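K.L.:
Encoded as structure tokens, here's the structure I'll be asking about.
The values are calculated or read from the model by the stated rules, or taken from the named source; none is laboratory data. Note that this is a predicted model, so its numbers are computed, not measured. Here the Cβ positions follow ideal geometry from the backbone for every residue, glycine too, while neighbour counts run over all protein chains shown. Surface accessibility is based on the protein's heavy atoms, side chains included, excluding ligands, DNA and RNA. Shrake-Rupley method; radii C 1.70, N 1.55, O 1.52, S 1.80 Å.
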Amino acid sequence: MPRLFQKRSGTWVEIKSIFQKQGGTWTEILNVFQKIGGTWTKVFAGLKVPGNTVPPTITGSGYLFGTLTNTNLGTWTNTPTSYARQWRRGTPPAGGGEPQGYSNISGETSSTYVTTSADNGKYIICQITATNAVGSNTAASNSIYVSKYEPVATG
């Protein structure tokens, strides 16, 4: 990585710009070092966007018209000040397996989601966005496949 220096009041200060891709967005993380007595010492570490260390989770069954719940927002670093939910739906590829991408389910941002006929044969996840003064980052929950009706007792 190239080294950047800036002279301030006769003292050279090394500035390093580090970029990290989080949630599809490149975010700059700034660290400033100063040479004191022949040793580089960190004098400033820039604030960072939230980072997810443990993903959020959802619970519920894969029954049509059943309720999925997100009460675990996951574990985040860098002190998020707010969280937002967005339920998302994905279509598995022709050969089966997890979807390559998910689309937002319009208006579904609460802690619970009741599956609909549009979810039949699809995967559902809950995406959490954690925000602090610097920015935001997202993490996706586990997925639940929706494919059947809940059994009903007869007779």
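K.L.:
If a residue must be assigned to a strand (DSSP E or B) and open to solvent by less than 70 Å² (accessible area, probe 1.4 Å), how many such residues does the stretch 76-104 contain?
P.N.:
Taking the stretch 76-104 as the starting set, the residues that turn out to be assigned to a strand (DSSP E or B) are 76-77, 82-90, 103-104.
Narrowing the set further to residues that are open to solvent by less than 70 Å² (accessible area, probe 1.4 Å) leaves 76-77, 82, 84-90.
Total satisfying the criteria: 10.
K.L.:
So, Lys48, is that one open to solvent by 70 Å² or more (accessible area, probe 1.4 Å), in a strand (DSSP E or B), at pLDDT below 95 and among the charged types (D, E, K, R) or not? Steps first, answer last, please.
P.N.:
Working: open to solvent by 70 Å² or more (accessible area, probe 1.4 Å): yes; in a strand (DSSP E or B): no; at pLDDT below 95: yes; among the charged types (D, E, K, R): yes.
In short, no.
K.L.:
Can you pull out the residues in the stretch 131-155 that are of a type outside the set (A, V, I, L, M, F, W, C) and open to solvent by 50 Å² or more (accessible area, probe 1.4 Å)?
P.N.:
First, the residues of the stretch 131-155 that are of a type outside the set (A, V, I, L, M, F, W, C): 131-132, 135-138, 141-143, 145, 147-151, 154-155.
If the condition is that a residue be of a type outside the set (A, V, I, L, M, F, W, C) and open to solvent by 50 Å² or more (accessible area, probe 1.4 Å), then Ser136, Thr138, Asn142, Tyr145, Ser147, Lys148, Tyr149, Glu150, Pro151, Thr154, Gly155 are the ones that fit.
K.L.:
Scan the stretch 67-91 and report the pairs whose first residue is among the aromatic types (Phe, Trp, Tyr) and whose second residue is open to solvent by 50 Å² or more (accessible area, probe 1.4 Å), with Cβ atoms within less than 6 Å and a gap of 6+ or a chain change.
P.N.:
Trp76/Asn52; Trp87/Glu108
K.L.:
Taking the stated definitions as given, is Gly107 at positive phi, in contact with a strand residue (DSSP E or B) (Cβ under 6 Å, 6 or more places away or on another chain) and modelled with pLDDT of 95 or more?
P.N.:
Numbers: at positive phi: yes; in contact with a strand residue (DSSP E or B) (Cβ under 6 Å, 6 or more places away or on another chain): no; modelled with pLDDT of 95 or more: yes.
No: the conditions fail for Gly107.
K.L.:
Are there any pairs, at least 6 apart or on different chains, whose C-beta atoms fall under 7 Å, with the first in the stretch 129-155 and over 21 Å from Ser111 (Cβ atoms) and the second outside any loop (DSSP other than H, G, I, E, B) and open to solvent by less than 50 Å² (accessible area, probe 1.4 Å), and if so, which?
P.N.:
Gly135/Thr27
K.L.:
Within the stretch 126-137, is even one residue more than 21 Å from Pro50 (Cα to Cα) and either of a type in the set (Lys, Arg) or at pLDDT below 95 (or both)?
P.N.:
Step one: list which residues in the stretch 126-137 are more than 21 Å from Pro50 (Cα to Cα), which gives none.
No, every residue in the stretch 126-137 fails to be more than 21 Å from Pro50 (Cα to Cα) and either of a type in the set (Lys, Arg) or at pLDDT below 95 (or both).
K.L.:
Follow-up. Based on what the data block shows, is Tyr145 out of contact with any Ser or Thr (no Cβ under 8 Å at 6 or more places or on another chain), in a strand (DSSP E or B) and not basic (Lys, Arg)?
P.N.:
Numbers: out of contact with any Ser or Thr (no Cβ under 8 Å at 6 or more places or on another chain): yes; in a strand (DSSP E or B): yes; not basic (Lys, Arg): yes.
It is true that Tyr145 is out of contact with any Ser or Thr (no Cβ under 8 Å at 6 or more places or on another chain), in a strand (DSSP E or B) and not basic (Lys, Arg).
K.L.:
Could you say whether any residue in the stretch 117-130 is open to solvent by 50 Å² or more (accessible area, probe 1.4 Å) and closer than 16 Å to Thr57 by Cα?
P.N.:
no
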